[in-house]
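Here is the structure we will look at, set down as structure tokens.
The values are calculated or read from the model by the stated rules, or taken from the named source; none is laboratory data. Since this is a predicted model, take the numbers as computed values, not measurements. Note that we place each Cβ from the backbone using ideal geometry, even for glycine, and neighbour counts take in every protein chain shown. Note: accessible area is taken over every heavy atom of the protein model, side chains too, but ligands, DNA and RNA are not part of it. Shrake-Rupley method; radii C 1.70, N 1.55, O 1.52, S 1.80 Å.
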Amino acid sequence: MTAKPIPFNRASLVGNEFKYISQALEIGHISGDGRFTSQCHQFLENELGVGKALLTTSCTHALEMAALLLDIQSGDEVIVSSFTFVSSINAFVLRGARPVFCDIRADTLNIDEVKLESLITPRTKAIIAVHYAGVGCEMGRILEIGAQHNIAVVEDNAHGLFGKFRGKYLGTFGCLATQSFHETKNFTCGEGGALLMNDPRYFERAEIIREKGTNRNRFFRGQVDKYTWVDLGSSYLPSDVLAAFLFAQFEHRDQIQAQRRRIWNYYNENLAEWAVKNGVRLPFVPGHCEQPWHMFYMLMPSLQARQRLIAHLKAQEILSVFHYLPLHLSEMGKRWSGKEGQCGVTESVSDRVLRLPFYNELNEDLQARVVSAIVEFDCA
Ligand SMILES: Cc1ncc(COP(=O)(O)O)c(C=O)c1O
């Protein structure tokens, strides 16, 4: 009998998802900004302590909103680590920005703040700090550099909801920050995101941009007697059906995070000995960072060992994945003269990183299968 496949990811219901979707229908408001959307906003604002949160249709769209709010124009430069998802920079390139790729630190795989300053020019408009695996970038230094050069710092916190840096939640450092509720994230509604704002100067314009460039929110609040087109914008607000699903997940924050902590610790403890013997590096979380248990990755000793392990696991119906390919070497990255050797750490990590199955319902029996398949593998 063949073993049941273990997927890389699988979304799960945690409580009141369907009940709240029915309630949204009963209330008769399933377009954007209904009751559940505002409950999600309140939850994010209260739990994180951000000035204002707005749900969006994805993290990608929240990043696009950030680019619009920062008035990114053709020829502006935006610095981002090369080891990230395309949206971290594509959202800014859409507005005409030139991407400037920075290498990453070898320990946290986050943007290397030491290399950042040499990339700044008079055209630099923003630095995008991606908290890889929800482990914080060196925000103290990055904010200092931003302030010295008058450059906005945006946190792409797609992985990092409830992660902390020096005791403070990720997403509360930059003038703007973005979250993802894609099905691969700790909290999901399938596709979704949020824009977090820590600077009040963006609050009102963000509402307008999210509502197709209209002042419709002011109209609903009775502040104007009709609404009209006042700025650039698009339709970045999700249906209240999705917000209902998401709020049901938020309600189980502690349970979800505890399950994921158990999964992460199980991998970390049970793979430690094998990792040392095989020259494999397990995730590193600095003492001043608290991680949100989003993913478990390993850095294999070589590309060849990584590819062999993926095949070895696949033969046992276990799906492991790798990401990201260096952005500076992508087809798009090369348009801005991306070259091999430009971001050496990114290139090496990208060849060697491997992510293990990780989802809320991954129980210990399934995880034991993943671990025993790995520990029988010899990297040499
Ligand atoms: C770092 C990072 N930023 C942005 C995104 C885009 O998120 P979404 O799928 O919600 O648009 C992802 C996707 O996983 C990501 O990993």
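How about segment 268-319: which of its residues are among the charged types (D, E, K, R), crowded, with 16+ Cβ neighbours inside 10 Å and in contact (Cβ under 8 Å) with a residue 24 or more places away in the chain? Lay out the reasoning, then the answer.
Going residue by residue through segment 268-319, those that are among the charged types (D, E, K, R) are 269, 273, 277, 281, 290, 306, 308, 314, 317.
The next check asks that each one be crowded, with 16+ Cβ neighbours inside 10 Å; those that pass are 281, 290, 306.
Correct list: GLU290, ARG306.
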Among helices (runs of 4 or more DSSP H) entirely inside segment 280-380, those with 1 or more residues being farther than 28 Å from ASP112 by Cα are 303-314, 364-375
For segment 238-258, enumerate the residues that are among the charged types (D, E, K, R) and not in a helix (DSSP H, G or I). GLU251
Identity of the residue in segment 164-201, more than 20 Å from the chain's Cα centre (by Cα) and under 16 Å from LEU48 (Cβ atoms), that ends up nearest to the ligand (Cβ to nearest atom): ASP199
Show the residue pairs meeting these rules: Cβ distance below 6 Å; 6+ apart or different chains; first residue within segment 336-356 and over 19 Å from VAL100 (Cβ atoms); second residue modelled with pLDDT of 95 or more and among the basic types (Lys, Arg). ARG352/ARG306; LEU354/ARG306
Failed item in (1) within 16 Å of the ligand (Cβ to nearest atom); (2) buried (at least 19 other Cβ atoms within 10 Å of the Cβ), with ALA24 passing the rest: (1)
Those residues of segment 1-36 that are farther than 23 Å from ASN217 by Cβ, touching a Phe, Trp or Tyr at 6+ places or on another chain (Cβ under 7 Å) and of a type in the set (A, V, I, L, M) come to a total of 1
Note on segment 339-380: residues more than 17 Å from TYR266 (Cα to Cα), in contact with a helix residue (DSSP H, G or I) (Cβ under 6 Å, 6 or more places away or on another chain) and open to solvent by 10 Å² or more (accessible area, probe 1.4 Å) are GLN342, ASP351, ARG352, PHE377, CYS379
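So which of ALA311, ALA315, ALA243 ends up being in contact with a Ser or Thr (Cβ under 7 Å, 6 or more places away or on another chain) and small (Gly, Ala, Ser)? Break it down into steps so the answer makes sense when it comes.
Working: ALA311 fails: in contact with a Ser or Thr (Cβ under 7 Å, 6 or more places away or on another chain); ALA315 fails: in contact with a Ser or Thr (Cβ under 7 Å, 6 or more places away or on another chain).
Being in contact with a Ser or Thr (Cβ under 7 Å, 6 or more places away or on another chain) and small (Gly, Ala, Ser) holds for just one of ALA311, ALA315, ALA243, which is ALA243.
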Listed residues LEU327, LEU299; which is away from the ligand (no atom under 16 Å from the Cβ) and modelled with pLDDT of 95 or more? LEU299
Scan segment 214-229 and tell me whether some residue there is closer than 30 Å to LEU94 by Cα, assigned to a helix (DSSP H, G or I), within 19 Å of the chain's Cα centre (by Cα) and in contact (Cβ under 8 Å) with a residue 60 or more places away in the chain. no
Please verify whether GLY160 is open to solvent by less than 10 Å² (accessible area, probe 1.4 Å), within 16 Å of the ligand (Cβ to nearest atom), under 27 Å from ARG210 (Cα atoms) and assigned to a loop (DSSP other than H, G, I, E, B), treating the condition exactly as stated. yes
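Looking for whichever is under 30 Å from VAL14 (Cβ atoms) and touching a Ser or Thr at 6+ places or on another chain (Cβ under 8 Å) here; the options are ARG355, ARG369. Which one fits? First the steps, then the outcome.
Values: ARG369 fails: touching a Ser or Thr at 6+ places or on another chain (Cβ under 8 Å).
Just a single option satisfies the conditions, and that option is ARG355.
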State which residue is surrounded by the fewest Cβ atoms within 10 Å (Cβ to Cβ) when the search covers only segment 244-267 and only residues that are closer than 19 Å to THR56 by Cβ and within 18 Å of the chain's Cα centre (by Cα). PHE250
